[in-house]
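Asks: The structure is given below, and queries will be raised subsequently.
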Amino acid sequence: MIPNQKYILLLLIAIALSSCGSSKEQELFNGKNLSGWHIDVPMHDSIPEAINPFIIRNGNLVSLGEPQGHLISDASYENYKLTLQYRFVSKPGNCGILIHASEPRALYKMFPKSIEVQLMHQNAGDFWCIVEDINVDNMEERRGPKTEWGITEGKLRRIKNLTDTSEKPLGEWNLLTVECIDNTIKVWINNDLVNYGYDATVSSGQIAIQAEGSEVEFTKIRLQKLGSE
């Protein structure tokens, strides 16, 4: 093989490998419509004409907050890194991303079975256990008395994050990163590690975005598949 042919062959191999690596990352939101997602809003059962709380505005996904419900991915995922940007539009409020979601309306006839990554202002990165469970270090300090722990209505389901100082001021975009490998979940807010959980009772499922009373914008929702450790 002459040198030029060898160089071209190596270049083609490098391009192919690069293409294979990039194919692992996918856009979960196309900026145009809700393709790949479906909506579950309990109010729609009795009031079909109630508005859809999830809209597209200026290329961003907007959770209007009301009526409350969830935007749920059609596909299920495992061993991945999820990244997205979010911001509260007019005032700080409440919202969350549900990881490993499955059975709809499993809690309070509203929330799908899952582990929530909290986005509530000044509480971003908390875990909320929704008919699933997860462990963290210093559990009693961060969850409360062990006798009151639980995963259903009336139980201590909140696990506080490691820091409440990582969020940006109102109106600025925050970067959320969630890494799920096997039964572990790590959460970063603006590149600060704010939670790390392990021994989760679930390791795969759908991804859901909440409408929970506050208007929130989302953009650049991306998922990268990872290998298990």
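The values are calculated or read from the model by the stated rules, or taken from the named source; none is laboratory data. A quick note: this is a predicted structure, and the numbers were derived from the prediction, not measured. Glycine also receives a Cβ, built like all others from the backbone with ideal geometry; neighbour counts cover every protein chain displayed.
Asks: Restricting to region 112-130, give me the number of residues that are among the β-branched types (Val, Ile, Thr) and touching a Gly at 6+ places or on another chain (Cβ under 8 Å).
Replies: We begin by selecting, within region 112-130, every residue among the β-branched types (Val, Ile, Thr); these are 115, 117, 130.
With the extra rule that they be touching a Gly at 6+ places or on another chain (Cβ under 8 Å), the set shrinks to 115, 117.
Counting residues in region 112-130 that are among the β-branched types (Val, Ile, Thr) and touching a Gly at 6+ places or on another chain (Cβ under 8 Å) gives 2.
Asks: Give the number of residues within region 147-171 that are surrounded by fewer than 17 Cβ atoms within 10 Å (Cβ to Cβ) and out of contact with any Phe, Trp or Tyr (no Cβ under 9 Å at 6 or more places or on another chain).
Replies: Qualifying residue count for the region: 11.
Asks: Could you tell me how many of the residues in region 41-55 are surrounded by fewer than 17 Cβ atoms within 10 Å (Cβ to Cβ) and either out of contact with any strand residue (DSSP E or B) (no Cβ under 9 Å at 6 or more places or on another chain) or in a strand (DSSP E or B) (or both)?
Replies: Within region 41-55, residues that are surrounded by fewer than 17 Cβ atoms within 10 Å (Cβ to Cβ) and either out of contact with any strand residue (DSSP E or B) (no Cβ under 9 Å at 6 or more places or on another chain) or in a strand (DSSP E or B) (or both) number 8.
Asks: Also, quick follow-up: Could you tell me which of the residues Ser114, Ser90 is of a type outside the set (A, V, I, L, M) and at pLDDT 95 or above?
Replies: Numbers: Ser90 fails: at pLDDT 95 or above.
Going through Ser114, Ser90 in turn, just one is of a type outside the set (A, V, I, L, M) and at pLDDT 95 or above: Ser114.
Asks: Give the number of residues within region 141-187 that are in a strand (DSSP E or B), touching a residue at least 24 places away in the same chain (Cβ under 8 Å) and closer than 17 Å to Gly96 by Cα.
Replies: 11
Asks: Then there is this: For Glu153, are the conditions met, namely being more than 16 Å from the chain's Cα centre (by Cα) and modelled with pLDDT of 95 or more? Break it down into steps so the answer makes sense when it comes.
Replies: Details: more than 16 Å from the chain's Cα centre (by Cα): yes; modelled with pLDDT of 95 or more: yes.
Against the criterion (more than 16 Å from the chain's Cα centre (by Cα) and modelled with pLDDT of 95 or more), Glu153 qualifies.
Asks: If a residue has to be farther than 26 Å from Ser102 by Cβ and in a strand (DSSP E or B) to count, how many in region 56-74 make the cut?
Replies: Just the residues of region 56-74 that are farther than 26 Å from Ser102 by Cβ, to begin with: 56-60.
Filter again for in a strand (DSSP E or B), leaving 56-57, 60.
Result for region 56-74: 3.
Asks: Phe218 is checked against (1) closer than 28 Å to Lys91 by Cα; (2) without any contact (Cβ under 8 Å) to a residue 40 or more places away in the chain and fails just one. What number does that condition carry?
Replies: Result: Phe218 fails condition (2) only.
Asks: Taking region 75-125, which residues are outside any loop (DSSP other than H, G, I, E, B), among the aliphatic types (A, V, I, L, M) and over 17 Å from Leu175 (Cβ atoms)?
Replies: Selection gives Leu98, Ala101, Leu107, Ile115.
Asks: Being out of contact with any strand residue (DSSP E or B) (no Cβ under 7 Å at 6 or more places or on another chain), loosely packed, with under 15 Cβ neighbours inside 10 Å and over 23 Å from Asn94 (Cβ atoms) is true for just one of Asp199, Asp137. Which residue is that? Walk me through how you get there before you give the answer.
Replies: Values: Asp199 fails: out of contact with any strand residue (DSSP E or B) (no Cβ under 7 Å at 6 or more places or on another chain).
None of the other options fit; the residue is Asp137.
Asks: Got at least one residue in region 76-85 being under 16 Å from Arg222 (Cβ atoms), touching a Gly at 6+ places or on another chain (Cβ under 8 Å) and surrounded by fewer than 17 Cβ atoms within 10 Å (Cβ to Cβ)? Full working, then the answer.
Replies: To start, the set of residues in region 76-85 that are under 16 Å from Arg222 (Cβ atoms) comprises 77, 79-85.
Now drop any that are not touching a Gly at 6+ places or on another chain (Cβ under 8 Å), which leaves 77, 79.
Filter again for surrounded by fewer than 17 Cβ atoms within 10 Å (Cβ to Cβ), leaving 79.
Yes.
Asks: Does Glu140 meet the test of being more than 27 Å from Asn60 (Cβ to Cβ) and in contact with a helix residue (DSSP H, G or I) (Cβ under 7 Å, 6 or more places away or on another chain)? Please lay out each step first, then the result.
Replies: Values: more than 27 Å from Asn60 (Cβ to Cβ): yes; in contact with a helix residue (DSSP H, G or I) (Cβ under 7 Å, 6 or more places away or on another chain): yes.
So Glu140 fits the description; yes.
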